[in-house]
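For reference, the structure is listed below as structure tokens.
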Amino acid sequence: MRGGTVSNPRVPVWLKPRGMTCVVVGGGPVAARRAGRLAEAGAEVVMLSPTLCPEAAELVQRGFVAWRERPYRPGDLAHAALAVAATDDPAVNAAVREEARSRGIWCNRADDASDSDLDFASVTCFGDVSISIATGGKRPDLAKRLRQALEDDLATGGDAFIRLLRQCAASAASAGDDACPEP
Ligand SMILES: C[C@@]1(CC(=O)O)c2cc3[nH]c(cc4nc(cc5[nH]c(cc(n2)[C@H]1CCC(=O)O)[C@@](C)(CC(=O)O)[C@@H]5CCC(=O)O)C(CC(=O)O)=C4CCC(=O)O)c(CCC(=O)O)c3CC(=O)O
Ligand SMILES: NC(=O)C1=CN([C@@H]2O[C@H](COP(=O)(O)OP(=O)(O)OC[C@H]3O[C@@H](n4cnc5c(N)ncnc54)[C@H](O)[C@@H]3O)[C@@H](O)[C@H]2O)C=CC1
């Protein structure tokens, strides 16, 4: 692959979830980010959670997301095309993941990239051009930092993003295996 070797095989794609039923389990900030992004792209989002954080509550109030005020139960993915497991309980996330697997639908696990069919990347858009940044689940904080740096840098026309990209690639590579490109 251009840019270096990849030890964590993934295929970058742009999901167009218009009309898909997406079940998001959990009502915290991470679930709200996932639900918001899917709803913005036209998905029919159902959130299952006994509680909602303010961001999730706003999505529900504005009618972007339907809310079932209860914990997840096996069978909740019956009509789903995509599942997101984003509770703070790994056992619940694992159960959601298992149900998705048994139904043959994709599942994002917010707490375990190694057990996910897809990761949500950090994204920035310039008109019709979108750039997505991911680290194979290793350093989402770096993905966010790179996204912010790219936005700042392109706003001022400089080349700081390229320098930071090299530093982050080196830092992520030294934290794990050879998943990141050589600087
Ligand atoms: C695997 C993945 C699964 C998925 O969710 O899809 C995942 C997993 C985990 N994230 C964790 C932590 C944080 N994640 C963020 C932020 C983002 N995380 C996102 C994606 C992903 N995160 C997927 C991999 C993407 C990739 O390949 O890089 C972004 C890019 C997209 C989005 O979330 O929309 C978004 C930035 C958006 C933006 O602003 O551009 C921040 C920073 C912050 O929130 O400000 C922190 C605190 C960091 C700190 O401070 O250390 C933890 C540890 C939890 C714990 O220990 O409790 C796990 C679990 C684990 O690593 O096992
Ligand atoms: N992917 C990412 O960007 C990040 C992922 N994480 C991971 O995601 C998890 C969730 O993060 P937050 O949203 O900050 O958590 P949080 O603790 O704020 O919210 C957890 C939510 O899950 C709900 N919940 C608990 N048990 C449930 C059940 N049985 N059924 C349905 N809903 C249930 C709670 O009511 C609450 O709404 C974290 O525990 C961590 O493992 C954390 C930070 C960033």
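Conditions tested, residue by residue: (1) assigned to a strand (DSSP E or B); (2) away from ligand 1 (no atom under 15 Å from the Cβ); (3) touching a residue at least 12 places away in the same chain (Cβ under 8 Å).
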residue: N8; (1), (2), (3): no, no, yes
residue: P12; (1), (2), (3): no, no, yes
residue: R18; (1), (2), (3): no, yes, yes
residue: V24; (1), (2), (3): yes, no, yes
residue: V45; (1), (2), (3): yes, no, yes
residue: P50; (1), (2), (3): no, yes, yes
residue: W67; (1), (2), (3): yes, yes, yes
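Scanning segment 113-125 for residues that are touching a helix residue (DSSP H, G or I) at 6+ places or on another chain (Cβ under 7 Å), farther than 23 Å from L154 by Cα and free of Cβ contacts under 8 Å to residues at least 60 places away in the same chain turns up just one, D115.
Meeting the requirement of 3 or more residues that are crowded, with 18+ Cβ neighbours inside 10 Å, the strands (runs of 3 or more DSSP E) wholly within segment 95-143 are 106-109. Being of a type in the set (A, V, I, L, M, F, W, C), farther than 29 Å from A175 by Cβ and crowded, with 17+ Cβ neighbours inside 10 Å is the requirement here; does V65 meet it? Yes.
Taken over segment 144-156, residues that are within 14 Å of ligand 2 (Cβ to nearest atom) and either surrounded by 14 or more Cβ atoms within 10 Å (Cβ to Cβ) or at pLDDT below 90 (or both) amount to 2. Of the numbered conditions (1) without any contact (Cβ under 8 Å) to a residue 60 or more places away in the chain; (2) crowded, with 16+ Cβ neighbours inside 10 Å; (3) within 15 Å of ligand 2 (Cβ to nearest atom); (4) under 14 Å from the mean Cα position of the chain (by Cα), L59 satisfies every one except a single condition; which is it? The one condition L59 does not meet is (4). Across segment 6-34, the qualifying residues are those that are β-branched (V, I, T) and within 16 Å of ligand 2 (Cβ to nearest atom), and the one among them that is farthest from R68 (Cα to Cα) is V30. Of all the residues in segment 112-126, those that are within 12 Å of ligand 2 (Cβ to nearest atom), out of contact with any Gly (no Cβ under 9 Å at 6 or more places or on another chain) and polar (S, T, N, Q) number 1. Taking first residues from segment 126-148 that are in the same structural domain as D159 (by TED's automatic domain parsing) and partners that are of a type in the set (F, W, Y) and more than 9 Å from ligand 1 (Cβ to nearest atom), the Cβ contacts under 9 Å between residues at least 6 apart in sequence or on separate chains come to S130/W14; S132/W14; L146/F161. Taking segment 79-94 as the range and being part of a loop (DSSP other than H, G, I, E, B) and in contact (Cβ under 8 Å) with a residue 12 or more places away in the chain as the test, the residues that pass are H79, A80, A81, A86, T87, D88. Flag: I105 does not match the condition of being over 21 Å from C22 (Cα atoms), hydrophobic (A, V, I, L, M, F, W, C) and either more than 9 Å from ligand 1 (Cβ to nearest atom) or at pLDDT below 95 (or both).
The values are calculated or read from the model by the stated rules, or taken from the named source; none is laboratory data. All values reported here derive from a predicted model rather than from experimental measurement. Counting neighbours? That spans all protein chains shown, and the Cβs are built from the backbone with ideal geometry, glycine included.
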